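The next block holds one structure in the form of structure tokens; read it before the comments.
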Amino acid sequence: MFCSTADNMTETTPSLRPRPRLRFAPSPTGSLHVGGARTALFNWLYARHYDGDMLLRVEDTDKARSTEESTRAIFEGLLWLGLSWNEEVVYQGANLERHQRDALAMLETGAAYRCFCTPEELEQRRSEAQAARESFKYDRRCDRLPAEEVARRVAGGDPYVIRFRIPEGSTEWDDMVHETISFPNKDLDDFVILRSNGTPIYNLAVVSDDIAMGITVVMRGDDHISNTPKQILLYRALGAEPPTFAHLPMIHGMDGKKLSKRHGATAVGDYQHQGLLPGAMLNFLALLGWSPGGDREVMTMDEMITLFTPDGLQRKAAIFDPKKLEWMNGQHLSRVPLAELEPRVTPAMMEAGYVDEAIVDSRGEWYMSLLDLLRVRARTIDDIVRQAGPYFPGTIEYDAEAVANNWKERSSAADILEAAKEALAGDSAWDAGTLEAILRGLAESLGISAGKIFQPLRVALTGLTVSPGIFEVLVAQGRELALRRLSDAIGWLRRNP
RNA sequence: GGCGCUAUCGUCUAGGGGACUAGGACGGGGCCCUCUCAAGGCCCAAACACGGGUUCGAAUCCCGUUAGCGCUACCA
């Protein structure tokens, strides 16, 4: 199901380099968001392009907010998009023991220390600092506690957290997206790594897991930039080599603000249900923050894999434009091989009651050509379904505007349709060329322009002002159904003079 | 407030000192094609945030200003 990139390797031959290992690490506190999907996509593209692995880690250490439904939704979203992962899914919550071990190890090496300050005390000092318009930073008072007092309080059962002691100096790294980013360590706070209840804080859990999973490239949103120096310090304290970091820009809504429910559909599932093609979604998302250079826009997954390199990555936040997504989907809709499109459309067609398995099997060729006919005018799968009614036996509605514009003179419209019906009723061949000759001939003999026949006919056949070319409609409907639609229309016109 | 990141048409972007009268795409406007609508083709409007440098030459390099965003928890 998922393509291999073995044939697509281009530059710089990673054969000497170890395979890169990346991970997508969502926290299961909601559905898969388009921002998360894009992060997953870039991780995936990188892994595929450089012949590496992308693992999936569910960051469920926040018990209060994590849900199983959310975990499921994230899997579903990823699967729908076709973003597969290697190896078993890692659940962060299952690694509690290692997280604790790592925290204790740092305590032993002196990289971290116990802190007995309570959340209330901290909160108090924080608000005092705020009132005095000073920035709050933990003052390390517990780091200065005499060893005997620490031992006594621990023995006495006083609750404590473990804090990381930020060393002197500065911390910097070469970001794949940005250039060198550096932070003076004095701006970093002695952050908590293990809560008083023994559970790890985010930065520790991430680093501990990334080390354990052998992650070599960390690609994530640039909202993590300020976590990075802390994490690098943690890697060093744990005696591990930090990975390469790549910080991707955020996605904003049309108002330039962070994407939220106010901006309409932001969950990947929303787009799935709106009849988007996963390939189009991915293509659109990829272009939000990455460019292959030049004018390249519409791409297949395989093309994206070969074209993807980190130097095409953007530094600036991008705005999510649903209009362009729609256009992109239209492009994919008409370019995707029919065989690939059919399974994505058929479930919706079944739901609408137009087809069942029997029809898809017995009239497969006809069905495929119908999809081919309808996709031209569609931007979503739902558009295809919406247009499909007239080609199936059920009755059709006559659109009020179509009637008003094209059946203005009821009785003459009926006459024209009558004539057309007669002309089509014979046993002549039923193909576009023949039908065109017949209808144009009829127009000539009636002394009217062809359009004067085509438009009323279109309404009779489809009930609409808009449809594929009229001969294609006739062919798709077949003689029997087309003739029936004509009789129905004539009857309707005679009944509503 | 502190720290950090960012800055080309309304939006996504190309651009890595001269090839720039700044290119493409979405969206908008117009025309063509035409049985309608799409698709397609052609054309138009539309941008280098500002100020200083560096240089013979700056959208491109440096500094500052401004603006936007992010982080600043015993959240992730």
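The values are calculated or read from the model by the stated rules, or taken from the named source; none is laboratory data. Fair warning: this is a prediction, and the values are worked out from it, not measured in the lab. When we count neighbours, we look across all protein chains shown, and the Cβ atoms used for this are built from the backbone with ideal geometry, even at glycine. These accessible areas exclude ligands, DNA and RNA; they are computed on the full protein's heavy atoms, side chains included. Shrake-Rupley method; radii C 1.70, N 1.55, O 1.52, S 1.80 Å.
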- Query: From the list A:Val355, A:Val268, which one is open to solvent by less than 30 Å² (accessible area, probe 1.4 Å) and either out of contact with any strand residue (DSSP E or B) (no Cβ under 9 Å at 6 or more places or on another chain) or within 11 Å of RNA strand B (Cβ to nearest atom) (or both)?
  - Reply: A:Val355
- Test: A:Phe183 is at pLDDT 95 or above, within 14 Å of A:Gln231 (Cα to Cα) and either of a type outside the set (Lys, Arg) or not assigned by TED's automatic domain parsing to the domain that holds A:Cys117 (or both): no
- Query: From A:Leu122, A:Leu96, A:Leu83, which residue is within 12 Å of RNA strand B (Cβ to nearest atom) and either assigned to a loop (DSSP other than H, G, I, E, B) or touching a residue at least 40 places away in the same chain (Cβ under 8 Å) (or both)?
  - Reply: A:Leu96
- Query: In region A:15-68, how many are among the basic types (Lys, Arg), buried (at least 21 other Cβ atoms within 10 Å of the Cβ) and under 17 Å from A:Asn203 (Cα atoms)?
  - Reply: 2
- Of residues in region A:136-157 being in a loop (DSSP other than H, G, I, E, B) and touching a strand residue (DSSP E or B) at 6+ places or on another chain (Cβ under 9 Å), the one surrounded by the fewest Cβ atoms within 10 Å (Cβ to Cβ): A:Arg140
- Considering region A:170-192 alone, what residues qualify as being open to solvent by less than 50 Å² (accessible area, probe 1.4 Å) and more than 9 Å from RNA strand B (Cβ to nearest atom)? A:Thr171, A:Trp173, A:Asn185, A:Asp190
- Item | Flag for A:Asp321 being within 15 Å of RNA strand B (Cβ to nearest atom) and surrounded by 15 or more Cβ atoms within 10 Å (Cβ to Cβ) | no
- Message: Checking A:Asn406 against (1) outside the structural domain of A:Arg363 (by TED's automatic domain parsing); (2) within 15 Å of RNA strand B (Cβ to nearest atom); (3) surrounded by 16 or more Cβ atoms within 10 Å (Cβ to Cβ); (4) at pLDDT 85 or above, only one condition comes out false. Which one?
- Response: (4)
- For region A:282-289, indicate whether the set of residues that are open to solvent by 10 Å² or more (accessible area, probe 1.4 Å), of a type in the set (Gly, Ala, Ser) and part of a loop (DSSP other than H, G, I, E, B) is non-empty. no
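Every residue, every condition in (1) at positive phi; (2) away from RNA strand B (no atom under 13 Å from the Cβ); (3) modelled with pLDDT under 90, yes or no:
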{"site": "A:Ala423", "(1), (2), (3)": "no, yes, yes"}
{"site": "A:Trp430", "(1), (2), (3)": "no, yes, yes"}
{"site": "A:Ala443", "(1), (2), (3)": "no, no, yes"}
{"site": "A:Leu446", "(1), (2), (3)": "no, yes, yes"}
{"site": "A:Pro456", "(1), (2), (3)": "no, no, no"}
{"site": "A:Gly463", "(1), (2), (3)": "yes, no, no"}
{"site": "A:Glu472", "(1), (2), (3)": "no, no, no"}
{"site": "A:Val475", "(1), (2), (3)": "no, no, no"}
{"site": "A:Arg485", "(1), (2), (3)": "no, yes, no"}
- Query: Can you name every residue in region A:245-259 that is over 18 Å from A:Ala37 (Cα atoms) and at pLDDT 95 or above?
  - Reply: A:Phe245
- Residue satisfying condition, being farther than 23 Å from A:Asp270 by Cβ, assigned by TED's automatic domain parsing to the domain that holds A:Arg195 and open to solvent by less than 10 Å² (accessible area, probe 1.4 Å), within set A:Ala105, A:Ala112: A:Ala112
- Check whether at least one residue in region A:324-338 is among the small types (Gly, Ala, Ser), open to solvent by 40 Å² or more (accessible area, probe 1.4 Å) and not in a helix (DSSP H, G or I), and report yes or no. no
